[in-house]
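Visitor: So that we are looking at the same thing, I have put the structure below in structure tokens.
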Amino acid sequence: MRRRRVIANWKMNGDKTIVDHLLGALKNNCKNITSELIVCPPAVYLAQAQGLLVGTTIGLGAQNVNANRSGAYTGEISVSMLQEFGCGHVLVGHSERRSLFAETDQDVAEKFKAVVNAGLRPVLCVGESEHERNIGSTDEVVLRQLDAVVNTAGIESFSQAIVAYEPVWAIGTGNTATPEQAQEVHRLLRKHIELLSMEIATQLPILYGGSVNPENAASLFAMSDIDGGLVGGASLDSQAFTAICNAAG
Ligand code: PGA
């Protein structure tokens, strides 16, 4: 049985007061949740979040990382820096990083590898655009994104990873994939990993992301290959996020 997970991706939102409020509410409201909860605040708030989460089981994650260990990379943050602030998870390949910051499949693969090598869990995001879905390329796109990482980091590294299927057309749009649409892609991803390792495929958490909200969370999480959610907009509303965590159980 795979444990459910809910990951909050705050993106570039919030301030110190909001961090206090959201994490305070999460600590109060989600005491009885058995799913694993992880919060990814903007990097400058990691220290504050780390302090607030002491003594809880809520995990901390980063939204991005640089694949290099250290050096002349102005503005960038390394894996070891994230580790110092208690990050156990790192998002890699989020569609906003791919489209707005021109990250290639290979860049994503290098980041994934750096995160795994340091003993942290990468959350590899894959997903097709609306155009790609309309022309029937969904399978090809998500498998290309997955294979780039498998080929660089090796299938074994997926024993330490989480995959998130996030159709680009569903992110921040309110157009959630139906549970059936999402399940179909989740099944495809898991079957693809099965060809390489049945054991890794069976235990690999595959989360759905893209306009998850309190109304659709339970039906998405009920699908056999959907192991939880990666939540953007709704994670900034403590009531909505609590409801999503409750739906995960
Ligand atoms: P959304 O974002 O929930 O606002 O659609 C999800 C994500 O980008 O991870």
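Bear in mind these aren't lab numbers, they're just calculated from the coordinates by the rules spelled out. What you see is a predicted model; the values in this text were computed from it and never measured. No Cβ is skipped: glycine too gets one built from the backbone with ideal geometry, and neighbour counts run over all protein chains shown.
Visitor: Using the alpha carbons of the stretch 5-238, what is the convex hull volume per residue in cubic angstrom, as a whole number?
Guide: 121
Visitor: To continue, here is another question. With runs of 4+ DSSP H residues as the only contributors, calculate the mean residue ellipticity of the chain at 222 nm using -39,500 (n - 2.57) per run, divided by the residue total and rounded to the nearest 500.
Guide: On the way: 11 runs with 106 residues, N = 249.
Using -39500 (n - 2.57) per qualifying helix, the result is -12500 deg cm²/dmol.
Visitor: Check residue 64: other-chain or 5+ apart residues with amide H under 5 Å from its amide H, H built from backbone geometry?
Guide: 91
Visitor: A follow-up question, please. Provide the net charge surrounding residue 73, with neighbours chosen by a C-beta distance below 15 Å and charges set as Lys +1, Arg +1, Asp -1, Glu -1.
Guide: It works out to a net charge of -2.
Visitor: Which links in 11/111; 111/191; 113/191; 11/191 stretch past 28 Å when you go from one Cα to the other?
Guide: 11/191
Visitor: Let me ask something else about it. Wrap a convex hull around the Cα atoms of the stretch 102-193, take a quarter of its surface area, and give that in square nanometres.
Guide: Averaged projected area of the stretch 102-193's Cα convex hull equals 6.1 nm².
Visitor: Okay, moving on. D for the stretch 138-249, whole µm²/s, Stokes-Einstein with Kirkwood Rh over alpha-carbon pairs at 25 °C and 0.890 mPa s: what number?
Guide: The Stokes-Einstein estimate is 171 µm²/s.
Visitor: Taking a virtual spin label 7 Å from the Cα of residue 20 along the C-beta vector, which residues in the stretch 40-79 bring their backbone nitrogen under 16 Å of it?
Guide: 45-53
Visitor: Under a point spin-label approximation (7 Å from Cα along Cα-to-Cβ), what is the residue 68-residue 43 distance to one decimal in nm?
Guide: Result for the modelled spin labels: 1.3 nm.
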